[in-house]
Amino acid sequence: MSLNRFKGYFLAALAAAAYGTNPAFAIPLYQQGMSPNSVLLFRYVIGIPILAAIMKWRHVPFRLRKEEAGPVAILGILMALSSLTLFESYNYMNSGIASTLLFIYPVMVAVMMIFFFHEKFKPSVACCLLVMGAGLGVLMKPQGEQSVSLVGMLLVVVSALTYALYIVFTNVSETIRSIPTTKLLLYVLCWGSLFYAALIPLGFGLTTPAESSGWISLIALAVIPTVISLACTTRAIQLIGSTPTAIFGALEPISAVILSVVVLGQSLTLRDIAGGTLIVVATLMVIAEKPVDRLILHVRKMFPRHPKQ
């Protein structure tokens, strides 16, 4: 395995783990009376000066070329819509189930890349998507008398679709790929902030944290699942492509489960362990795609298809 591919896998896994902290910081803010739109507006606005400082330190120019403005705006709107629909879904369903259901997006990315951009379909990808789907299905299965809200599910599906479009567009656009990661994210957050600000006069009122701890949660949201996660995702796409990066995103529910056990004191069930194990196996299949492809080919040769007489 090349150093760049190893780095890409590591960054994709780190991005997923960082993104899994979203509910842990967002839910307490809802309990303080903040709306999802306000949480995201503050999250993005706080992230902008952080990225600007990093760019200044690295001597990255702030100016966008004329041909870059349009694609960056599209990415910003896609990311803003994906975040808003996901955060809104937390009001309709268990945040853990919502975060798990979100990870239908790797399947969407794989399908888009195969059908619209003629990416080669690999047997290992098909197998890993099946295993990953089984793991997500186990994690998403309601416990006891819990039921999954239809509105919540629709919101998460929209979130997954817009995030899949974000990943694919980042991968296939030469213009986007030429923009430094921090610079791209800075303008993505700028467009996202404008999107959320534009919704305020439309009934999405502006709310602030009721306690000082809320501002700490907002800063954490801006740094961990925003700056760190999106930066790692963007760089991973550039190194290993959109499909492997998307599949690694399925590690997010595992980070969410670990966080709930370590930080929130929740119990770890056999279901959580089984679902997490399947997802880990699926992501390992991506790393070892060549041996897996050879194994599948060998198995297929052992059971040849006989033509109909």
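Sort 6-14, 36-44, 85-93 for me by packing, meaning the mean count of neighbouring Cβ atoms within 10 Å per residue, highest on top. It would help to have the intermediate numbers written out before the result.
On the way: 6-14: 19.2, 36-44: 25.3, 85-93: 22.0.
Per-residue Cβ counts within 10 Å, averaged per peptide and sorted highest first, yield 36-44, 85-93, 6-14.
Please list the radius of gyration and Dmax for region 1-115, considering alpha-carbon atoms only, with Å as the unit.
17.0, 49
If R₀ is 35 angstrom, what is the calculated FRET efficiency for the pair residue 149 and residue 202, using the beta carbon separation as r and rounding to 0.05?
Working: r = 23 Å, r/R0 = 0.67.
With R0 = 35 Å, the Cβ-Cβ based efficiency is 0.90.
Under the Kirkwood approximation for Rh and a Cα-based Rg, what ratio Rg/Rh is obtained for region 163-230? Write down the numbers at each step before the final one.
On the way: Rg = 15.0 Å, Rh = 14.2 Å.
The Rg/Rh ratio comes out at 1.06.
For the pair residue 57 and residue 27, how long in nm is the line joining their label points, each one 7 Å along Cα→Cβ?
3.2
Given the protein chains as shown and a 1.4 Å probe, how many square angstrom of residue 116 are accessible, to the nearest 10?
Roll a 1.4 Å probe over it and residue 116 shows about 140 Å².
The values are calculated or read from the model by the stated rules, or taken from the named source; none is laboratory data. Just so you know, these numbers come straight off a predicted model, no measurement behind them. With ideal geometry, Cβ positions are generated from the backbone for all residues, glycine too; neighbour counts draw on all protein chains shown. Remember, those area values only see protein heavy atoms, side chains included, never the ligands or the DNA or RNA. Shrake-Rupley method; radii C 1.70, N 1.55, O 1.52, S 1.80 Å.
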